[in-house]
Amino acid sequence: MSATYLDAKGRPVVVVTGRGVVTALGAGRTSNWRALTAGRSGLTRISRFSCHGLKTTVAGTVDGLGVEPYSAPALCVAMATEAASEAILEAGIGTPSAFPGALFLATPPAEIEWPQRRQLYAAPSADDARGYRRLLAAARLGRLESAFPEFQFASVADRLSERFGTQ
């Protein structure tokens, strides 16, 4: 990055040109504002997993984005795509497939989830390893290579960069 775009401490200068929002109330500022002013809550009973034995059974989850099969990184990509689409439209700069700027993004960690852990654990093993050692051995052998791109660090930012053609 050129020094022209850095502040006195060497940090990138960021200009917010557009905003997008995705919450448990919906996607987009308009639908969120409508729900808020109508007094609707985004809290619902948790349905993604069993809450049996848990004290908490409600949460403000983001649903309805058509993420199949479900995984946290896939949901992050869907949420970030919705928010970025709204922000780019509001910014009025570039096009939805060629945004003339850098991508700055913060997402939760893309850690491997239970369905993928079960697949790894079920994979044939060279020894009698159990538990976490078995998962690590299966991962080292590439037993879940198809899931690697989705759970790799920065996978959400990579997908957005491809989708929006960020510069």
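Condition check ((1) over 25 Å from residue 113 (Cα atoms); (2) open to solvent by 80 Å² or more (accessible area, probe 1.4 Å)) across all residues:
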residue	(1), (2)
22	no, no
36	yes, yes
49	no, yes
58	no, no
68	no, yes
74	no, no
84	yes, no
88	yes, no
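Scanning region 124-140 for residues being assigned to a helix (DSSP H, G or I) and either among the small types (Gly, Ala, Ser) or in contact (Cβ under 8 Å) with a residue 40 or more places away in the chain (or both) gives a total of 4.
Working only within region 90-116, note down all residues that are more than 17 Å from residue 159 (Cα to Cα), among the charged types (D, E, K, R) and open to solvent by 60 Å² or more (accessible area, probe 1.4 Å). Within region 90-116, 90 is the sole residue that qualifies. On inspection, residue 152 passes the criterion of being open to solvent by 40 Å² or more (accessible area, probe 1.4 Å) and not charged (D, E, K, R). Scanning region 68-81 for residues that are within 17 Å of residue 24 (Cβ to Cβ) and over 11 Å from the mean Cα position of the chain (by Cα) returns a single hit, 70.
The values are calculated or read from the model by the stated rules, or taken from the named source; none is laboratory data. For clarity, every value in this text was computed on a predicted model and none was experimentally measured. For neighbour counting, all protein chains shown are included, and Cβ atoms are generated from backbone atoms with ideal geometry for every residue, glycine included. These accessible areas exclude ligands, DNA and RNA; they are computed on the full protein's heavy atoms, side chains included. Shrake-Rupley method; radii C 1.70, N 1.55, O 1.52, S 1.80 Å.
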